[in-house]
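The values are calculated or read from the model by the stated rules, or taken from the named source; none is laboratory data. The model shown is predicted, which means the values in this text are computed figures rather than measured ones. Cβ coordinates were reconstructed from backbone atoms using ideal geometry, including for glycine residues, and neighbour counts include every protein chain displayed. For the accessible areas, the whole protein counts, side chains as well, though only heavy atoms, and no ligand, DNA or RNA atoms are used. Shrake-Rupley method; radii C 1.70, N 1.55, O 1.52, S 1.80 Å.
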Amino acid sequence: MSRLTSWATACLLAAPAMSEPLVCPGAGPPITVTAIKAERAVHLCHVARAARDQLAACHLPQSAPIEIRIVPTLPAQHEKCMGLYNCDTKVIEILDLAGLRARVAPSSAFARIPPDALQDSLVAHEMTHALIHQRLGPNSGPLVLNEYIAYAMQLDAMADPARRTLLATRDIKPPVPPEALNEMILLMAPDVFAIFAWHHFREAEHGCALIGQLLDGAPGPFPDMIP
């Protein structure tokens with residue numbers, strides 16, 4: 001099992017009753033979305049296509065099909081997850097709106113934004129994991145590297161009002177020291193890590209250029225993130 005499978009939000013699939021998958025229109029490798037409500041699937045197709053364009057511009061083009069399933073629950077062994085990418089089955093699972101309301105702790109910064117905005121942003125987060133795996137394969141790097149890119153893309157994909165609300169919950173100002181991007185903060189306070197990652201990503205001379213360097217194996221400003 002790869003490190004991404006073990007750590008970067010991949011798990012065994014739950015099997016809730018779902019409607020037929022919707023194949024999102026557009027050129028390139030297909031994206032399919034399955035949700036209980038057809039209108040939500042249509043909306044998330046638009047979200048996924050926008051995320052694909054965002055990620056392609058950040059050195060993560062889609063090269064293989066992506067399947068997204070909106071589910072009411074995730075496996076119990078992943079009780080802290082809001083979404084999962086399984087690099088064996090190539091399937092993304094994201095909690096439905098009710099599941100997100102129940103899962104997100106009131107103390108989390110993510111609890112301050114509407115569940116539909118959170119779910120939209122999770123599409124970008126989990127697609128990032130999928131596309132890292134498509135690009136790098138099983139040796140897709142350590143947990144912190146994967147989550148740094150995924151959280152940066154997640155917050156960057158948010159609409160400005162939701163992102164401003166999220167950022168306002170924590171007294172974090174740039175510049176972010178590289179040592180703040182560590183596994184302990186990621187595991188103990190993922191919302192804090194997410195804000196650190198986005199601020200760091202948005203600093204001058206970072207952005208997509210830095211992500212491209214990291215994907216190519218360069219140590220960047222935080223060598224501990226590279227195996």
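Note on K37/S63: beta-carbon distance plugged into 1/(1 + (r/R0)^6) with R0 of 30 Å gives a FRET efficiency of 0.50.
Here the chain is treated with +1 on each Lys and Arg Cβ and -1 on each Asp and Glu Cβ, and its dipole about the Cα centre works out to around 320 debye.
For region 61-202, DSSP calls about 45 percent of its internal beta bridges antiparallel. Over the chain, one equal point on each Cα, no solvent: what is log10 I(q)/I(0) by the Debye formula at q = 0.10, 0.14, 0.17, 0.18 Å⁻¹? So the normalised log intensities work out to -0.40, -0.83, -1.28, -1.46.
Equivalent-ellipsoid semi-axes for region 60-192 (Cα gyration tensor, √(5λ), whole Å, largest first): 22, 19, 14. The slack between T73 and T89, meaning 0.36 nm per residue of separation minus the straight C-alpha distance, is 4.0 nm. Sites listed here are GluC sites (Glu not before Pro) in region 144-227 whose DSSP assignment is loop and whose Cβ has at most 16 other Cβ atoms within 10 Å: E203, E205. Only helices enter this figure: runs of n ≥ 4 DSSP H residues, each worth -39500 (n - 2.57), summed and divided by the residues of the chain, yield -14000 deg cm²/dmol at 222 nm to the nearest 500. Measuring nothing but how far apart in sequence close Cα pairs (under 8 Å, 6+ apart) lie, relative to its length, region 68-118 scores a relative contact order of 35 percent.
Here the simple spin-label model places points 7 Å from the Cα toward Cβ, and for D53 and K80 these points are separated by 3.5 nm.
Heavy atoms only, probe 1.4 Å: what % of the accessible area of the chain goes to carbon and sulfur, would you let me know? With neighbouring chains kept in place, the figure for the chain is 60 percent. If R0 is 41 Å, the Cβ-Cβ spacing of E183 and E20 corresponds to a FRET efficiency of close to 0.55.
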